[in-house]
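Student: Take this structure first; my questions come after.
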Amino acid sequence: MCGIVGYIGTKKASPILVNGLKRLEYRGYDSAGISTMEKDEISLMKDMGRVKNLEELPGINDLEGTIGIAHTRWATHGKPSKENSHPHMDNSKTFSVVHNGIIENYESLREKLKSEGYTFYSDTDTENIPNLIHYYYQKLENEKGIERFLKAVRNACLDLKGSFAIEVICKDFPDNMIVVRKDSPLVIGKADGENYLSSDIPAILSFTRTFYLLDDLDFAVLSRDNVKFYDSDLNPIEKEVKSIEWDAVGADKNGYEDYMLKEIYEQATSTRETVGTRFQGAKTSFDELDFTKEYLSSLTRIYIVACGTAMHAGLAGKIAIEKLSKIPTEVDIASEFRYRDPLVDEKTLCIFLTQSGETADTIAALKLSKAKGAKTLAISNVIGSSITREADLSIYTHAGPEIAVASTKAYTSQVVLMNVLAIHMAEVLENNDQTYLDSLKKDILELPEKVEETLKISESLKDFARKVYQEKDVFYLGRGVDYAIATEGCLKLKEISYIHSESYAGGELKHGTIALIEKGITVIGVLTDKDLIKKSVSNLQEVITRGAKTLIITNQDFDTSAFDVVLTIPETNTFISPVLAVIPLQLFAYYVAKEKGLDVDKPRNLAKSVTVE
Ligand code: G6P
């Protein structure tokens, strides 16, 4: 779980690399390092801790090299330490490598290399890679020129099992760099006389807007003004250049104290972007999809598969998709789905929800579904992300770059897009009242304005956060779609404030959780589904009787005198109420974390993108 950057050009590489790493810190931040090509050797500087520590290392500003690779780490194999930080070099110091991913067969490779006389100085899986490259490089001594370097990298990669995005520099080729990826992200930014590399596009968006996207086991040989591509057999291949229209400012904090706060406040814009022009015609348009009435009618089941917040968006999306398409729809956690031999065949549509498009379990679940014959649809926020290149079909949330580890605007955009998709399916199937669908479309189009209103209303929760921030446990309650919302609100608090929190379906309360309710405990109730409000109110009465203090998020008019704090948000269709009702919960979690003085953008032990299992 890491971020990698690279540069090859005419400018000093080290400041470019350090700045790139800072933008990738959301991917990992327990250690960082860089290697640059200096006069007749490869430099190596690395340290534990944030990129800031690396930036302050003595001598880093003296590096003159114009080619370099860099890495910010989130430990998987081997504890955070200087030795385990990247880059890693081979024993002869001919190669330096940064790697994002996991080498599953690292133990057997290490044994093999040890028996060949190699010594290991770290506990990482990565240290195998430069040594393996060196091993093949020695064997290829009769090869001439860059071919030798390329073949050595390729042979080494064919021995690796697992996922990797790798950048390699070699002392013998001071004007080149070789990169390759498999199941881990890596993009190449093309500029005039220079090339940039990164795990994601925003980190290098201020340098270039034109990118090459690598497919699995594509090898790229970079020089300052050229990039040559090869397939896994090392046949030359052509790659299309993609232009990115994102605004570089869009990836910055824009005056907000934290990325998370900025992203929470961006939700009016992001949800508007998600809908885009899809509702402009009489019927919802999804040119990217090929859903016919015949195909949708043939489906026996839809699976929505995802991790974390995206899975919670799936819980909300399921309700709209199942109700409107009338096709049984299930939500599954990707890491469970992939190992339970799910009943998936050509009559199943599998939808994979993922902000980053890089989550290892979600990608693996997609590959499995594809192998079983299902049609696969990826819903991602990142254009050209790994999952979108594996899926049969892809649609994008267009929420803009999300930097804070805790997901906010991606969630609301996912909920919106699944509702738009549900309407599309219903229109293709012609099995719903079009007037009802049109009224839902109208409600979706009114969301941005209501998001603005909800943001303003929710600011009053700062006071409640001040009362709660020192507590040990907080409980969330809801029924139906409100349970889905409660579950996401609960995760937000847990992730960034480190307060233990649990969400539960109102009806489950008496089956265990109520045993934990005692005087003074905070219970947050979400009550937006008018058909279920009475039931939820009686659940809340049960906790009030036991001394709980309550915060209610609702959009309905009913007797709320029993509750301590009531936040009334704008009313909307129940299918899309998560988009509004989650906002006070996001802000509440944010205020609590700030009250505790925590780093909300980079919560401990968490990473933005979980690219390993
Ligand atoms: C990590 C992030 C979460 C995110 C989850 C799924 O755990 O910290 O915020 O919801 O991964 O990520 P994805 O990119 O697949 O939506």
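The values are calculated or read from the model by the stated rules, or taken from the named source; none is laboratory data. Here the structure is a predicted model, which is why all the values come from computation and not from measurement. For neighbour counting, all protein chains shown are included, and Cβ atoms are generated from backbone atoms with ideal geometry for every residue, glycine included. Protein only, heavy atoms only, side chains kept; ligands, DNA and RNA dropped before computing areas. Shrake-Rupley method; radii C 1.70, N 1.55, O 1.52, S 1.80 Å.
Student: Cβ under 9 Å from SER199's Cβ, SER199 left aside: what net charge do those residues give with Lys, Arg +1 and Asp, Glu -1?
Tutor: So the environment of SER199 carries a net charge of -1.
Student: Would you tally the net charge around ASP40, using a Cβ to Cβ cut-off of less than 15 Å, leaving ASP40 out, and scoring K and R as +1, D and E as -1?
Tutor: -2
Student: Positive end of the dipole of the stretch 3-250, charges at C-beta (+1 Lys, Arg; -1 Asp, Glu), about the Cα centre: which of VAL98, VAL179, GLY162 has its Cα farthest in that direction?
Tutor: Of the options given, the answer is VAL98.
Student: I've got another one for you. Excluding residues on the same chain fewer than 8 positions from LYS82, give the aspartates and glutamates whose Cα lies under 12 Å from its Cα.
Tutor: Straight-distance partners of LYS82: ASP30, ASP47, ASP123.
Student: Now, a different point. Of the listed peptides 52-63, 233-244, 94-105, what is their order by residue-averaged count of other C-beta atoms within 10 Å, with the highest listed first?
Tutor: Packing order, densest peptide first, comes out as 94-105, 52-63, 233-244.
Student: Moving on. Considering Cα pairs under 8 angstrom that are at least six residues apart, work out the relative contact order of the stretch 121-280 and quote it in whole percent.
Tutor: 14
Student: Another question about this same structure. I need to check one value: relative contact order of the chain, counting alpha carbon pairs closer than 8 Å and at least 6 residues apart, in percent.
Tutor: 11
Student: Can you sort ARG50, ARG546, ARG278 by solvent-accessible area, 1.4 Å probe, largest first?
Tutor: Largest accessible area first, the list is ARG546, ARG50, ARG278.
Student: Here's another thing I want to ask about it. Can you give the accessible area of CYS157 in Å² (nearest 10), computed on protein heavy atoms with a 1.4 Å probe?
Tutor: Rounded to the nearest 10, that gives 10 Å².
Student: Let me ask something else. Considering only protein heavy atoms, what is the solvent-accessible area of LEU158 at a probe of 1.4 Å, reported in Å² to the nearest 10?
Tutor: Surface accessible to solvent at LEU158 totals approximately 90 Å².
Student: Another question, if that's okay. Name the shape class, rounded, prolate or oblate, that the alpha-carbon gyration tensor gives for the chain, where a ≥ b ≥ c are the square roots of its eigenvalues, rounded holds for a/c under 1.5, and otherwise prolate holds if a/b is larger than b/c and oblate otherwise.
Tutor: prolate
Student: Applying 1/(1 + (r/R0)^6) with R0 = 45 Å to the Cβ-Cβ distance of GLU430 and ILE514, what FRET efficiency is obtained, to the nearest 0.05?
Tutor: Efficiency computed from Cβ-Cβ geometry: 0.45.
Student: A follow-up question, please. Quick check: at a probe of 1.4 Å, how many percent of the accessible area of the stretch 261-445 sits on carbon and sulfur atoms?
Tutor: That fraction is 52 percent.
Student: Is the shape of the stretch 457-595 rounded, prolate or oblate, going by the alpha carbon gyration tensor and its root eigenvalues a ≥ b ≥ c, with a/c under 1.5 for rounded and a/b larger than b/c for prolate?
Tutor: It comes out rounded by the Cα gyration axes.
Student: Going highest first, how would you order 503-512, 35-44, 265-274 by mean Cβ packing within 10 Å?
Tutor: Highest to lowest by the protection proxy: 265-274, 35-44, 503-512.
Student: Got a sec? What order do GLU194, GLU471, GLU518 fall in by accessible area at 1.4 Å, biggest, i.e. largest, first?
Tutor: From most accessible down to least: GLU518, GLU471, GLU194.
Student: I want the local charge near VAL565. Using Cβ-Cβ distances under 11 Å, sum +1 for each Lys or Arg and -1 for each Asp or Glu among the other residues.
Tutor: Value of the local net charge: 0.
Student: Next up: Report, in debye and to the nearest 20, how large the dipole of the stretch 124-262 comes out about its Cα centre when Lys and Arg carry +1 and Asp and Glu carry -1 on their Cβ.
Tutor: 260
Student: Take the solvent-accessible surface of the protein heavy atoms, probe 1.4 Å, and return the percent of it on the stretch 491-557 that carbon and sulfur atoms account for.
Tutor: Within the stretch 491-557, the accessible surface is 51 percent carbon and sulfur.
Student: Same structure again: If you find the alpha carbon centre of the stretch 185-240 and of the stretch 97-118, how far apart are they in angstrom?
Tutor: 26
Student: Still on this model: Rule-of-thumb check for the stretch 104-169: C-alpha Rg over 2.2 N^0.38 Å?
Tutor: Dividing the Cα radius of gyration by 2.2 N^0.38 Å gives 1.08.
Student: Could you tell me the extents of the stretch 203-300's C-alpha atoms along the three principal axes, largest first, rounded to whole Å?
Tutor: 49, 49, 25
Student: So how do 551-557, 418-424, 333-339 stack up, highest first, on mean other-Cβ count within 10 Å?
Tutor: Going by the mean number of other Cβ atoms within 10 Å, highest first, we get 418-424, 551-557, 333-339.
Student: Apply the Karplus curve 6.51 cos²θ - 1.76 cosθ + 1.60, θ = phi - 60°, to the phi angles in the stretch 279-284 and return the couplings in whole Hz, x for Gly and Pro.
Tutor: 9, 6, x, 5, 10, 4
Student: Kindly report the accessible area of the chain per residue (heavy atoms of protein chains, probe 1.4 Å, no ligands, DNA or RNA), in Å².
Tutor: 38
Student: Hey, another quick one. Which whole-angstrom value gives the distance between the alpha carbon centres of the stretch 315-364 and the stretch 427-461?
Tutor: Result: 24 Å between the Cα centres.
Student: Once the whole set of protein chains is in place, how much accessible area is left on ASP159, using a 1.4 Å probe, in Å² to the nearest 10?
Tutor: ASP159 has an accessible surface of roughly 40 Å² with all protein chains in place.
Student: I've got another one for you. Just tell me which lysines come within less than 19 Å, Cα to Cα, of LYS375; anything on the same chain fewer than 8 places away is out.
Tutor: Once the sequence-local lysines are set aside, what remains near LYS375 is LYS293, LYS318, LYS326, LYS347, LYS367.
Student: Quick check: the angle from helix 434-445's long axis to the longest principal axis of the chain, C-alpha only, nearest 10 degrees?
Tutor: Value to nearest ten degrees: 60.
Student: Right, here's the next one. Hey, got the dipole for the stretch 47-198? About the Cα centre, +1 on K and R Cβ, -1 on D and E Cβ, debye to the nearest 20?
Tutor: With only Lys, Arg, Asp and Glu charged at Cβ, the dipole is about 360 debye.
Student: Classify the stretch 3-250 as rounded, prolate or oblate from the Cα gyration tensor: take a ≥ b ≥ c as the square roots of its eigenvalues, call it rounded if a/c is under 1.5, otherwise prolate when a/b beats b/c and oblate if not.
Tutor: Rounded, since a/c falls under 1.5.
Student: Over the Cα atoms of the stretch 261-445, what radius of gyration and what Dmax do you get, in Å?
Tutor: Calculated on Cα positions, Rg and Dmax stand at 15.3, 45 Å.
Student: While we're on this one: Taking 20 Å as the cut-off for C-alpha to C-alpha distance, list the pairs among LYS22/LYS409; LYS114/LYS139; LYS462/LYS510; LYS144/LYS171 that go past it.
Tutor: As for pairs spanning more than 20 Å Cα to Cα, those are LYS22/LYS409; LYS462/LYS510.
Student: If contacts are Cα pairs under 8 angstrom and at least 6 residues apart, what is the relative contact order of the stretch 457-595 in percent?
Tutor: Relative contact order comes out at 34 percent.
Student: Each residue of the stretch 219-234 in order: what ³J(HN,Hα) in whole Hz does its phi give by Karplus 6.51 cos²θ - 1.76 cosθ + 1.60, θ = phi - 60°, with x for Gly and Pro?
Tutor: 9, 10, 9, 9, 10, 4, 10, 8, 9, 10, 10, 9, 7, 5, 8, 6
Student: Where nothing but the Cβ of Lys and Arg (+1) and of Asp and Glu (-1) is charged, how large is the charge dipole of the chain around its Cα centre, in debye to the nearest 20?
Tutor: Charge dipole, the chain, about its Cα centre: 720 debye, nearest 20.
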